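Participant: Structure in structure tokens, see below.
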Amino acid sequence: MSTIPKIPTRLLATAFLLSSSLAASAEELQPGVRGVATRAPENMKIDGNLEEFADAFCTPVEYFHADQKNRPAQFFYMWDDEAFYAGLRTLEEEDKQANPSPDDKLWGGDGVEWYFDTRRGEKFRDRNWGPGAVHCYWTAFTNKELGPRFCVRPDMLDAIPKIGIEVAARRTEHGVETEFKLPWANFPEFKAALGEVIALDAELCYSDGGIRVFRTFAFGSPLSVIQPASQGKIQLVERLEPDHWESCGPVMMPLRVDVPWNQHARGDRAATSAHAFAQIAVPPNQTDEFGVVYFEVRDLEGKLLGKYLASEESMQEEGNFARLTANWPTDVAVPGAHHVTAVVYDREGKVLTRVAPRLQSVNINVGY
């Protein structure tokens, strides 16, 4: 009977350390990166089913809107050697689903405005659009029926050759799932590879059954319509790693802090005084990767005024829509004279990321 030769422990340790360092360097994020696109599984099928995005990087949007049945959504991002893939899961009642726009102007109803920049060198995220960067649109609907469509912004019709682009969608019990495939063949000057950085913004448009009435941005603001410089840097990676959370946390787990106008229905917590409430989105694919979240309230000189443990609140089980919440008396911190930071810990008690309120307009109206 043959035996397996023994390898000296010292050589095994050296090989392990070398392979670990190479893997770490390959997955290390470049400066300024705010999000990642994870490697797509083999044999991607564009059919509107987001099962293939189960491990993809996700940016939740509108988790704090008052209309919880028609605003929260999840954007997902993946890539392979052939294409970039985006997934979208929305909570939306069927009578609110519509896109009445003509085929060449899809921004007028439910759908996505997609901003994408693959340029290299000084032109990357330039203030001006140009070859290698495109503003386009994709939607699940034709009028009120499922009918996926795609188009390019009218003044950019020659920006890409529109090779192999696919859009597919399906209805779920509480909304819609949409997949979008954008092949790299449309950007001949760019070569997709592990560690490469592109830029994008994902804007979700809402129609509420008619023409567009609302819009929200995952990375930028309405400035993304005007200039690619507003887009977020996205790195192509194998998978989301714990070390990525520090840079990606603010888009993975956006938060909001406010003083609700009606606190009578919020239980004994707010019965004796006015309370501020903080909410932070839970990324649906990474619920097992973090442990607890605390909201830290500090004065303008950095002194800790209070630290509050967040508790989970399910919004919709389908799609794993959830957020974490905490509250404290408004007397703890005077409005305009304090900061709030969410500190996210892993299950061993190490800080994964810190998130602050987003001081940027993200909807159709100016203000935050």
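Participant: So what is the 222 nm mean residue ellipticity for the chain from helices alone, if each DSSP H run of at least 4 adds -39500 (n - 2.57) and you divide by all residues, rounding to the nearest 500 deg cm²/dmol? Don't jump to the answer; show the numbers that get you there.
Facilitator: Working: 3 runs with 31 residues, N = 368.
Rounded to the nearest 500, the figure is -2500 deg cm²/dmol.
Participant: Evaluate the relative contact order of the range 251-355 (contact order divided by residue number), counting alpha-carbon pairs under 8 angstrom at least 6 apart; express in whole percent.
Facilitator: Values: 202 pairs, mean separation 31.4, N = 105.
So the answer I get is 30 percent.
Participant: In debye, nearest 20: dipole of the range 251-355 around its Cα centre with unit charges on the Cβ of K, R (+) and D, E (-)? Don't skip to the end; give the middle numbers.
Facilitator: Values: 10 positive and 14 negative charges, 61 e Å.
Result for the range 251-355 is approximately 300 debye, rounded to the nearest 20.
Participant: Can I ask one more? Over the range 251-355, how many percent of alpha carbon pairs lie in each 10 Å bin up to the one with the longest distance?
Facilitator: For the range 251-355, the pair-distance distribution reads 14, 45, 32, 9, 0.
Participant: A further question follows. In a shell of Cβ-Cβ distance under 9 Å around LYS181, excluding LYS181 itself, what net charge do Lys and Arg (+1) and Asp and Glu (-1) give? Spell out each step's value before the answer.
Facilitator: Values: positive: none; negative: GLU82, GLU166, GLU179.
For residues surrounding LYS181, the net value is -3.
Participant: Return the aspartates and glutamates within reach of LYS105: Cα separation strictly under 14 angstrom, same-chain partners fewer than 8 residues apart disregarded; answer none if there are no such residues.
Facilitator: GLU113, ASP155
Participant: Which one of GLY87, MET44, HIS65 has its Cα pushed farthest toward the positive end of the charge dipole of the range 35-106, where Lys and Arg give +1 and Asp and Glu give -1 at the Cβ?
Facilitator: HIS65
Participant: Past the 31 Å Cα-Cα mark, which pairs from LYS303/LYS350; LYS123/LYS350; LYS69/LYS350; LYS45/LYS350; LYS45/LYS69? The partial results should precede the final answer.
Facilitator: Values: LYS303/LYS350 22 Å; LYS123/LYS350 38 Å; LYS69/LYS350 35 Å; LYS45/LYS350 38 Å; LYS45/LYS69 28 Å.
Exceeds cut-off: LYS123/LYS350; LYS69/LYS350; LYS45/LYS350.
Participant: Here is a further query. Between ASP81 and ASP155, what is the spin-label point distance in nm, taking each point 7 Å from the Cα along the Cα→C-beta axis?
Facilitator: 3.9
Participant: Right, another one. Which net charge results when you count Lys and Arg as +1 and Asp and Glu as -1 among the other residues whose beta-carbon is under 10 Å from that of LEU204?
Facilitator: On the way: positive: ARG71, ARG215; negative: GLU62, ASP110, GLU113, GLU203.
Once positives and negatives cancel, what remains is -2.
Participant: Can you give the net charge of the other residues whose Cβ lies under 13 Å from the Cβ of ARG34, counting K and R as +1 and D and E as -1? Intermediate values should be presented prior to the final figure.
Facilitator: Values: positive: ARG125, LYS233, ARG358; negative: ASP201, GLU246.
The answer is +1.
Participant: Still on this model: When a/c is below 1.5 the answer is rounded, else prolate if a/b is larger than b/c, else oblate, so apply that to the chain with a ≥ b ≥ c taken from the square roots of the Cα gyration tensor eigenvalues. The partial results should precede the final answer.
Facilitator: Values: a/c = 1.64, a/b = 1.05, b/c = 1.56.
Oblate is the answer for the chain, as a/c is 1.5 or above yet b/c matches or exceeds a/b.
Participant: Given the range 25-244, what percent of its DSSP beta bridges are antiparallel, to the nearest 5? Provide the component values of the computation, followed by the final result.
Facilitator: Details: 55 of 61 bridges.
Of the beta bridges lying entirely in the range 25-244, close to 90 percent run antiparallel.
Participant: Oh, and also: Run through the DSSP bridge list for the chain and note the antiparallel percent, rounded to the nearest 5. Walk me through the numbers on the way to the answer.
Facilitator: Values: 88 of 94 bridges.
Close to 95 percent.
Participant: Could you work out the relative contact order of the chain, using alpha carbon pairs under 8 angstrom and six or more residues apart, expressed as a whole percent? Could the numbers behind the result be given before it?
Facilitator: Details: 877 pairs, mean separation 64.0, N = 368.
Averaging sequence separation for qualifying contacts and normalising by length gives 17 percent for the chain.
Here, each number is a calculation from the coordinates, and none is a lab measurement. These numbers come from a predicted model, not from an experiment. Virtual Cβ from ideal backbone geometry, glycine too; neighbours counted across all protein chains shown.
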